[in-house]
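Everything below concerns the one structure shown next.
The values are calculated or read from the model by the stated rules, or taken from the named source; none is laboratory data. Please read these numbers as outputs of a predicted model, since none were measured by experiment. All Cβ positions, glycine included, derive from the backbone under ideal geometry; neighbour counts span all protein chains shown.
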Amino acid sequence: MAALEIFSQLTVVIGRLGPDSVQMLGTGFLISHDGKVATTHHVIGNQQTNLIVIPSKGLPPGQFQNLADKQVQYLPATVAEIDPTRDLAIIQVPGFGWNGPLPMRGNVDEIRVASRLDIYGYPHCVHGRRAFTFQSVEVGAKVLQETHGIPSKHAVINAQARPGQSGSPAVDPRNNAIVGILAGAWVPGPTGIRLGDIDPYELHQTTHCISAGHLWEML
């Protein structure tokens with residue numbers, strides 16, 4: 001089975017159930033046969049109730065995805081593990097699984113600067129657009145980044161992050177190993193200025209991924 005078809009089934013939308021609607025929060029991906037899904041901590045936030053996962057529509061990747069189809073089938077989820085320092089989260093989704101072999105577990109140690117990575121996710125799902133999307137990017141740098149004195153490994157990639165892509169798997173196309181989790185725009189800090197729902201500071205071609213090695217340590 002081709003990588004695009006595999007990740008179209010493993011990559012999901014993370015959401016939260018409201019009184020009369022579903023709020024889509026970002027992207028996640030299946031990492032175990034018993035329904036564990038990885039994402040970033042900032043996707044689920046500090047409010048850990050009413051979480052859901054919206055699985056793939058099951059369409060072959062080559063078909064048109066009908067954006068007018070607003071029907072949502074979801075599965076309830078609970079938080080299994082969080083690492084706020086490294087911005088990682090694992091949620092448990094009963095009844096969600098995958099019969100085939102899961103992708104290899106990798107990390108950013110295994111990739112080189114100027115190599116390619118594949119990103120699978122749901123850009124702009126936070127605005128109601130649910131379309132599974134593939135993106136090929138270049139690795140611009142590998143960096144150690146400290147938060148509260150704790151270093152983490154990151155890959156800086158040459159692509160502009162889009163709302164809803166946080167939590168997307170970053171995949172090494174040489175062996176389809178998951179080596180990172182897309183976190184968002186790589187900026188030193190917030191500007192305090194927003195235009196509508198946009199921070200102008202983030203409108204550049206630099207995004208970062210957290211090494212998946214930190215994720216596997218949580219299992």
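Between a first residue in region 204-219 that is under 21 Å from Pro103 (Cα atoms) and a second residue that is surrounded by fewer than 17 Cβ atoms within 10 Å (Cβ to Cβ) and among the acidic types (Asp, Glu), which pairs have beta carbons less than 6 Å apart while being 6 or more apart in sequence or on different chains?
Listed by first residue and then by second, the contacts come to Met218/Glu81.
Could you say whether any residue in region 51-63 is more than 17 Å from Tyr122 (Cβ to Cβ) and of a type in the set (S, T, N, Q)?
So far as region 51-63 goes, no, none of its residues is more than 17 Å from Tyr122 (Cβ to Cβ) and of a type in the set (S, T, N, Q).
Find all pairs meeting these conditions: Cβ atoms under 6 angstrom apart; at least six residues apart or on different chains; first residue within region 152-163 and under 18 Å from Pro84 (Cα atoms); second residue surrounded by fewer than 19 Cβ atoms within 10 Å (Cβ to Cβ).
Ser152/Gln145; His154/Val143; His154/Gln145
How many of the residues making up region 108-140 are assigned to a strand (DSSP E or B) and either of a type in the set (Val, Ile, Thr) or more than 13 Å from the chain's Cα centre (by Cα) (or both)?
Result for region 108-140: 9.
Determine which member of the set Val137, Val126 is more than 21 Å from Gly213 (Cβ to Cβ) and hydrophobic (A, V, I, L, M, F, W, C).
That would be Val126, the only listed residue that is more than 21 Å from Gly213 (Cβ to Cβ) and hydrophobic (A, V, I, L, M, F, W, C).
Just to confirm my filter: which strands (runs of 3 or more DSSP E) fall fully inside region 1-107 and include at least 1 residues that are within 18 Å of the chain's Cα centre (by Cα) and within 17 Å of Gly180 (Cα to Cα)?
So the answer is 11-17, 22-30, 36-39, 78-83, 88-92.
So is Thr49 touching a Leu at 6+ places or on another chain (Cβ under 8 Å) and either farther than 27 Å from Ala3 by Cα or not assigned by TED's automatic domain parsing to the domain that holds Ser166 (or both) or not?
Judged against the criteria, Thr49 is not a match.
Name the residues in region 175-218 that are touching a strand residue (DSSP E or B) at 6+ places or on another chain (Cβ under 9 Å), modelled with pLDDT of 95 or more and assigned to a loop (DSSP other than H, G, I, E, B), would you?
If the condition is that a residue be touching a strand residue (DSSP E or B) at 6+ places or on another chain (Cβ under 9 Å), modelled with pLDDT of 95 or more and assigned to a loop (DSSP other than H, G, I, E, B), then Asn176, Glu217, Met218 are the ones that fit.
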